[in-house]
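Below is one structure; the comments refer to it alone.
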Amino acid sequence: MRAELALLEARLNYRFSRPELLHRALTHSSAAHEAHVGPCSPDQDNEQMEFLGDSILGFLTSEALVQRHPEYREGELSRLKAHLVSATHLYGVARRLDLGSYLELGRSEEMSGGRAKKTLLVDALEALIAAIYLDGGAVPVRDFVAAHVLDAAPCDDLAMDSEVQSSITNFKSALQELAQSRKLPQPRYAIVRERGPEHSKTFTVEVRVGKEWTGQAEGATKKLAAQRAAHLVYQRMLQEPPIGEPATR
């Protein structure tokens, strides 16, 4: 395997047992056509893998959103999913992984700046998702999507819809306001664990509200982990009324 693909595997935190799948996921049709005389077979570039990866990404995103936000209605889930699978968001993910540096391009695409083209990078990312699935199955591809697509910091996406951003990032404020309304101490946050390589860390953050309420959550950034922890405690506090008030049925 070429050294640069080994570097990419380190970025992905995943090593392929079938490296030809990774190579194909990064091969644009322009390179495949240049390498062969006559018609090019569909299994020589990443277009079929892009098709498969798009479906896998859609399913895993829907699955994760339902699990993480059981209180959300279909419309809220749809807005979140639309952002997470959008070309704008996926382009940001591909750039953070530096996928452009690893693409196999034909001369024309190379000369026209193909390594930075939004469409080519998004297609390669979706093909990469398919490659991980075909190589290792559901577990590694679910981990990859969670770490790099679902947990990407919202502030990295400049074109992100403000309503979607608010629905992701307002739990710390909501928890603070709820604590104030119940005359409880302000939430306190602490990083309790960091794991993974430097370029792909996972953080675990704990939040405490007084002595009774506590929660922990993970995220690819400290901010995201804190938001998730706040969300957990916020939901629990809503389900249990303040002392002295009857529970609503």
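The values are calculated or read from the model by the stated rules, or taken from the named source; none is laboratory data. Keep in mind it's a predicted model, so treat the numbers as computed, not measured. Neighbour counts run over all protein chains shown; Cβ positions are idealised from the backbone, glycine included.
Within the stretch 187-234, being part of a loop (DSSP other than H, G, I, E, B), within 19 Å of the chain's Cα centre (by Cα) and in contact (Cβ under 8 Å) with a residue 40 or more places away in the chain holds for G196, P197, A220, T221. Within the stretch 114-140, being under 14 Å from R95 (Cβ atoms) and without any contact (Cβ under 8 Å) to a residue 24 or more places away in the chain holds for R115, A116, K117.
Among the residues of the stretch 183-205, which ones are surrounded by 15 or more Cβ atoms within 10 Å (Cβ to Cβ) and either over 18 Å from Q227 (Cα atoms) or in contact with a Gly (Cβ under 7 Å, 6 or more places away or on another chain) (or both)? Passing the criteria: L184, S200, T202, F203.
Kindly check whether there is at least one residue in the stretch 235-247 that is at pLDDT 85 or above, over 29 Å from A82 (Cα atoms) and small (G, A, S). Checked the stretch 235-247: no residue is at pLDDT 85 or above, over 29 Å from A82 (Cα atoms) and small (G, A, S).
For (1) touching a Lys or Arg at 6+ places or on another chain (Cβ under 9 Å); (2) over 22 Å from G136 (Cβ atoms); (3) not assigned by TED's automatic domain parsing to the domain that holds V139, each residue gets a yes or a no:
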residue	(1), (2), (3)
E63	yes, no, no
P70	no, yes, no
R79	no, yes, no
A82	no, yes, no
G92	no, yes, no
R95	no, yes, no
E109	yes, yes, no
R115	no, yes, no
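Among residues of the stretch 106-123 being modelled with pLDDT under 90 and not in a helix (DSSP H, G or I), the one that is nearest to the chain's Cα centre (by Cα) is G113.
Listed here are the residues, each with its yes/no results for (1) touching a helix residue (DSSP H, G or I) at 6+ places or on another chain (Cβ under 7 Å); (2) part of a loop (DSSP other than H, G, I, E, B); (3) surrounded by fewer than 17 Cβ atoms within 10 Å (Cβ to Cβ); (4) at pLDDT below 95.
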position	(1), (2), (3), (4)
L125	yes, no, no, no
L128	yes, no, no, no
A131	yes, no, no, no
L134	yes, no, no, no
A147	yes, no, no, yes
C155	no, no, yes, yes
L158	no, yes, yes, yes
V164	yes, no, no, yes
